[in-house]
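Comments concern the structure below.
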Amino acid sequence: MSKKKLVFSGVQPTGNLHLGNYLGALKNFVSLQKEMKCIYCIVDLHAITIYQKPDELRTNVLETLAGFLAAGIDPDKSIIFNQSSVSGHTELAWILNCVSRMGWLNRMTQFKDKAGPDKEKASVGLYIYPNLMAADILLYKATHVPVGADQKQHLELSRDIAQKFNNDFNCKDFFPLPEPLISKNISRVMSLRDGTKKMSKSEESDFSRINLKDSADQIIKKIKKAKSDSEPIPENPQELEKKPEALNLIKIYSDISKNSFDKVLKEMAGKEYSFLKTNLTEILINEITPVGKEINKLLADKSHLKQILKKGKEKANIIAEENLKIIREKVGLI
Ligand code: TRP
């Protein structure tokens, strides 16, 4: 059995990638492709567990792809494709629906959050979504999965499913148990208006986030308006913990400037937030606006983007079919 490392990650298609996606996921994806073989999947089938307008879904898949490419994911090195184009995902998901247990799914906290108070009205897809996620990973026998903390529970479920499959069908070590890659130096980017909430495209105010397609002017305005503090920047990190918005700005600065948090804090201690904001605005403009321009440029040629998806799909499908053939045999399907 090959012990080769293989990275798989899935990203929901969204039309408005922001700084949180960029620093929290995309930059990590870019650096991982230097170390290992990587498969990055735009998970349109996960998206439809909550109703999506068809035209928006189509646009969002291409926007997400453009964001991947503009951030530096290389389609010649990594496999990039959309989930629904490789039918093995749904086939394996069905098989895994029969391996996974109701009791396991009933423990998933994200379902409870997303379904809201009236669970009866949630789609069945939303409920079995974690089984599809397990299928995504196991279809390629991926060994490493970069995920945010909110997906850790789903990844643990994938390991349980893999293990039960290996037991039930008497094939110890057939599916590797996928490991989470939760990198320590990746910070969670928080809302510019409320430092206790994650930066999110669903927060109503656009001033809460920096979008990758924001112009220099928009970045200037948003950082100027970002909540900070009336007292100067403290030198003690514990003091800063009490001011989540200020802490967030310093973390973003440290991330983008590639200077350690401690070094930045030493530099900034005693200064007014306006000083930090001026510096932060400058490096944000330098880092983000070229990415936004590249996204727009890529979006102007949709057929090129579709061609990239098609090539990715072909590569993914070869691995998927090879593995599925064995999986069908193991289960007893003719
Ligand atoms: N559920 C993940 C999210 O919402 C996306 C996802 C789908 C995923 N399949 C995956 C992530 C497989 C990692 C591996 O963010």
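The values are calculated or read from the model by the stated rules, or taken from the named source; none is laboratory data. Computed from a prediction, not measured in an experiment: that's the story for all the values here. Positions of Cβ are backbone-derived with ideal geometry, glycine not excepted, and every protein chain shown enters the neighbour counts.
A residue that is in a loop (DSSP other than H, G, I, E, B), more than 10 Å from the ligand (Cβ to nearest atom) and surrounded by 16 or more Cβ atoms within 10 Å (Cβ to Cβ) can be found somewhere in the range 119-131. Look at the range 69-108 and say how many of its residues are of a type outside the set (S, T, N, Q) and assigned to a helix (DSSP H, G or I). Adding up the residues that qualify gives 15.
Note on the range 69-112: residues that are within 21 Å of L45 (Cβ to Cβ), surrounded by fewer than 16 Cβ atoms within 10 Å (Cβ to Cβ) and β-branched (V, I, T) total 1. Only one of the listed residues (A226, A216, A269) is over 30 Å from T14 (Cβ atoms), touching a residue at least 12 places away in the same chain (Cβ under 8 Å) and in the same structural domain as V291 (by TED's automatic domain parsing). That residue is A269. The C-beta contact set for the range 35-46 (first residue within 15 Å of N60 (Cβ to Cβ), second residue among the polar types (S, T, N, Q) and in a helix (DSSP H, G or I), distance under 6 angstrom, 6+ apart or interchain) comprises C41/Q83; I42/T64; V43/Q83; D44/Q83; D44/S84; L45/Q83; L45/S84. The lone criterion from (1) within 16 Å of the ligand (Cβ to nearest atom); (2) in a helix (DSSP H, G or I); (3) not hydrophobic (A, V, I, L, M, F, W, C) left unmet by K141 is number (2). Does at least one position in the range 10-22 carry a residue that is touching a residue at least 60 places away in the same chain (Cβ under 8 Å), polar (S, T, N, Q) and more than 14 Å from the ligand (Cβ to nearest atom)? There is at least one residue in the range 10-22 that is touching a residue at least 60 places away in the same chain (Cβ under 8 Å), polar (S, T, N, Q) and more than 14 Å from the ligand (Cβ to nearest atom).
Here S208 does not qualify as surrounded by fewer than 18 Cβ atoms within 10 Å (Cβ to Cβ), of a type in the set (S, T, Y) and either closer than 30 Å to E322 by Cβ or free of Cβ contacts under 8 Å to residues at least 24 places away in the same chain (or both). Scanning the range 163-194 for residues that are surrounded by 20 or more Cβ atoms within 10 Å (Cβ to Cβ) and within 13 Å of the ligand (Cβ to nearest atom) gives a single hit, P178.
Listed by first and then second residue, the pairs with beta-carbon distance under 9 Å, at least 6 apart or on different chains, first residue in the range 147-159 and within 14 Å of D136 (Cα to Cα), second near the ligand (Cβ under 7 Å from one of its atoms) and β-branched (V, I, T), are Q151/V145; H154/V147; L155/I137; L155/V145; L155/V147; S158/I137; S158/V145.
Report yes if some residue within the range 56-64 is of a type in the set (D, E, K, R), in contact with a strand residue (DSSP E or B) (Cβ under 6 Å, 6 or more places away or on another chain), modelled with pLDDT of 95 or more and closer than 23 Å to A115 by Cβ; otherwise report no. It would help to see each step written out before you state the result.
Going through the range 56-64, the residues of a type in the set (D, E, K, R) turn out to be 56, 58, 63.
Pick out the ones that are also in contact with a strand residue (DSSP E or B) (Cβ under 6 Å, 6 or more places away or on another chain) and you get none.
The answer is no, given that none of the residues of the range 56-64 is of a type in the set (D, E, K, R), in contact with a strand residue (DSSP E or B) (Cβ under 6 Å, 6 or more places away or on another chain), modelled with pLDDT of 95 or more and closer than 23 Å to A115 by Cβ.
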